[in-house]
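The values are calculated or read from the model by the stated rules, or taken from the named source; none is laboratory data. Note that the structure is predicted; figures quoted are calculated from it, not measured. Here Cβ is always computed from backbone atoms with ideal geometry, including for glycine, and neighbour counts include all displayed protein chains. Just so you know, the surface numbers come from the protein's heavy atoms only, side chains and all, with ligands and any DNA or RNA stripped out. Shrake-Rupley method; radii C 1.70, N 1.55, O 1.52, S 1.80 Å.
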Amino acid sequence: MDNYYTCVFSQARYSDQQREKQIPEFIIENKKKCQFFFLPKYPIIQLEEQLVLKDGNEISKDLFICPICQDLMTSVLQCEYCSNICCFNCWEKLISSNRPKCFFCRHYGITIKKLHNNLFYKKIFDQLMFKCCNQDCNLMFPYDHYYYHCCNKCEHRLLSCGLCNQTLKYSKIETHVDECLKVDGKCSYCNKKMDRVSFINNHHDKICPKFKLNL
Ligand SMILES: [Zn+2]
Ligand SMILES: [Zn+2]
Ligand SMILES: [Zn+2]
Ligand SMILES: [Zn+2]
Ligand SMILES: [Zn+2]
């Protein structure tokens, strides 16, 4: 046996089934007006044991690990006196320290002029391809295009909605407005303006003056 409801405004009678169809909808009037601010996460290169070159050949990761800080050497400089190499960042810290002694040969008085680009490393480094850091993206890029892709181009990059702070993929941005709890819209029955979460939690069939059905 169906339950019947009467609308307190129109006195119309609805069955359970009809009542379902009468539930007010949340309407976003102008989707373009919704303000979203997207904050890219800073990408971190995940290194495999073997690094891949443009031509498909592989090279051991260890060649490009800085002997001092153990990070990837994106810029390699060598000492004029002993020809040992480490990354630019480590040399920079050494030079600005009180006792700028070479890490390797202990020569005192290392300045930027006593350091030289290692062209062999630079040549290979420019050939290296790094896999995009974003989950589900398998594209690879040379270092100088890497960050631009990860932060600005990748379909899989993670962003956060400026309204609800939810983290989402770039590819979901277009449809996020249809789910965002903080987006502004209005009730299709009474036209009252509110955000989606207020509509779902409080408005709906509880508060809306045009949707009061009595059993
Ligand atoms: Zn280093
Ligand atoms: Zn040295
Ligand atoms: Zn990507
Ligand atoms: Zn949102
Ligand atoms: Zn309403």
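List of remarks:
- Once segment 68-90 is narrowed to residues that are more than 21 Å from residue 46 (Cβ to Cβ) and assigned to a loop (DSSP other than H, G, I, E, B), the residue that is farthest from ligand 3 (Cβ to nearest atom) is 81.
- Boolean, residue 135 is away from ligand 3 (no atom under 16 Å from the Cβ) and either within 30 Å of residue 171 (Cα to Cα) or assigned by TED's automatic domain parsing to the domain that holds residue 55 (or both): no
- Residue match in segment 144-166 (condition: more than 16 Å from ligand 3 (Cβ to nearest atom) and either modelled with pLDDT of 95 or more or within 15 Å of residue 44 (Cα to Cα) (or both)): no
- Pairs are defined by a Cβ separation below 7 Å, a sequence spacing of at least 6 or placement on different chains, a first member in segment 179-193 that is more than 7 Å from ligand 5 (Cβ to nearest atom), and a second member that is assigned to a loop (DSSP other than H, G, I, E, B) and open to solvent by 100 Å² or more (accessible area, probe 1.4 Å); the pairs so defined are 185/29; 186/29; 186/192; 188/25.
- First in segment 126-138 and among the acidic types (Asp, Glu), second anywhere and open to solvent by 70 Å² or more (accessible area, probe 1.4 Å) and assigned to a loop (DSSP other than H, G, I, E, B), Cβ under 9 Å, 6 or more apart: 126/54; 136/155
- Cross-chain or 6+ apart pairs with Cβ under 7 Å, segment 162-177 first and under 18 Å from residue 135 (Cβ atoms), then at pLDDT 85 or above and among the acidic types (Asp, Glu): 170/155; 171/155
- Residue match in segment 70-77 (condition: within 16 Å of ligand 1 (Cβ to nearest atom), open to solvent by 70 Å² or more (accessible area, probe 1.4 Å) and under 29 Å from residue 49 (Cα atoms)): yes
- Filtered by the rule that a residue be open to solvent by less than 70 Å² (accessible area, probe 1.4 Å), charged (D, E, K, R) and without any contact (Cβ under 8 Å) to a residue 12 or more places away in the chain, segment 99-125 gives a lone residue, 101.
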